[in-house]
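Some notes on the structure that comes next.
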Amino acid sequence: MSVSLFITFEGPEGAGKSTQVRRLAARLEGAGVPHLVTREPGGTPMGFRVRELLLDPDVDISPLSEFLLYSASRAQLVREVIEPALAGGNVVVCDRYADSSVAYQGFGRGLEREFLQTVTWEATRGVTPAITFLLDLDPEEGLRRAAERGAKDRLELADLGFHRRVREGFLALAASQPERFVVLDASRPEEDLAGAVWALVERTLAFLPGLRRG
Ligand SMILES: Nc1ncnc2c1ncn2[C@@H]1O[C@H](COP(=O)(O)OP(=O)(O)O)[C@@H](O)[C@H]1O
Ligand SMILES: [Mg+2]
């Protein structure tokens with residue numbers, strides 16, 4: 001049986017998820033650990049098309065449609081990318097995953113949690129991360145950082161109340177599943193955060209001696 005590890009990064013816009021995913025990938029590369037990096041929405045040709053639709057500020061999407069589109073992209077990603085990579089003995093690192101749907105479409109948009117869980121279970125086939133790093137940040141700071149990246153996407157344009165509910169949603173999820181979540185203060189310097197992430201991942205890898213080394 002091959003050994004694998006599934007890690008996700010969650011948090012609001014501009015929290016530094018993509019930055020930390022890149023840094024973790026570099027550490028894994030340096031350590032010769034076989035790994036695969038992917039992201040949501042996207043990560044597959046189908047998911048990429050869905051991503052464009054979801055982020056387009058000119059397209060109106062109802063909360064239910066939004067959730068189903070994310071779920072469709074997720075279902076494809078799990079089957080086409082995540083499951084095969086885990087089966088092949090890789091560390092899989094994903095930039096956003098199912099927790100984002102609970103935070104954004106559940107806490108943010110008000111969709112019913114049980115319904116979200118049922119659909120998410122089908123979409124993911126129960127594939128759940130072993131470690132989820134939640135980069136927690138004040139939404140105003142996150143939006144300010146994201147704005148520096150350029151044009152705002154559909155979600156970045158949502159009101160501040162929405163983004164506050166999303167933050168609370170992420171924190172509630174983390175509190176309800178402390179065995180999986182690691183909450184990091186994303187206002188800390190990038191290098192500190194990368195160090196904290198690597199310390200935990202490295203320690204976890206030490207308990208997975210069967211993991212292939214490059
Ligand atoms: N710890 C940090 N402190 C300050 N700025 C950061 C930090 N991490 C990332 N940034 C900057 O914030 C912006 C958003 O980072 P990014 O990784 O794209 O966030 P996300 O993927 O969560 O939206 C980028 O300009 C990035 O350089
Ligand atoms: Mg990002």
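The values are calculated or read from the model by the stated rules, or taken from the named source; none is laboratory data. Everything quoted here is computed from the prediction, not taken from an experiment. Cβ sites come from the backbone with ideal geometry, for glycine too, and all protein chains shown count toward neighbours.
What to note about this one:
- Scanning the range 157-181 for residues that are in contact with a Pro (Cβ under 8 Å, 6 or more places away or on another chain), in contact (Cβ under 8 Å) with a residue 60 or more places away in the chain and of a type in the set (A, V, I, L, M), we see that the one that is nearest to Ile131 (Cα to Cα) is Val166.
- In the range 20-69, the residues that are of a type in the set (Val, Ile, Thr) and within 29 Å of Thr118 (Cα to Cα): Val21, Val37, Thr38, Thr44, Val50, Val59, Ile61
- Scanning the range 22-49 for residues that are in contact with a helix residue (DSSP H, G or I) (Cβ under 8 Å, 6 or more places away or on another chain) and within 16 Å of ligand 2 (Cβ to nearest atom) yields Arg23, Leu24, Val37, Thr38, Arg39, Glu40, Pro41, Gly42, Gly43, Gly47.
- Failed condition for Thr19, given (1) in a helix (DSSP H, G or I); (2) within 15 Å of ligand 2 (Cβ to nearest atom); (3) in contact with a Ser or Thr (Cβ under 6 Å, 6 or more places away or on another chain): (3)
- Within the range 160-204, the set of residues being hydrophobic (A, V, I, L, M, F, W, C), in a helix (DSSP H, G or I) and surrounded by fewer than 18 Cβ atoms within 10 Å (Cβ to Cβ) comprises Leu160, Phe162, Leu171, Ala172, Ala175, Ala196, Ala199, Leu200.
- Annotation: of all residues in the range 114-137 being outside any helix (DSSP H, G or I) and more than 12 Å from ligand 1 (Cβ to nearest atom), the one that is surrounded by the most Cβ atoms within 10 Å (Cβ to Cβ) is Thr132.
- Verdict on Leu24 being part of a helix (DSSP H, G or I), modelled with pLDDT of 95 or more and either in contact with a Gly (Cβ under 6 Å, 6 or more places away or on another chain) or closer than 17 Å to Val183 by Cα (or both): yes
- Count of the range 58-113 residues, restricted to those that are over 13 Å from the mean Cα position of the chain (by Cα) and within 16 Å of ligand 1 (Cβ to nearest atom), is 1.
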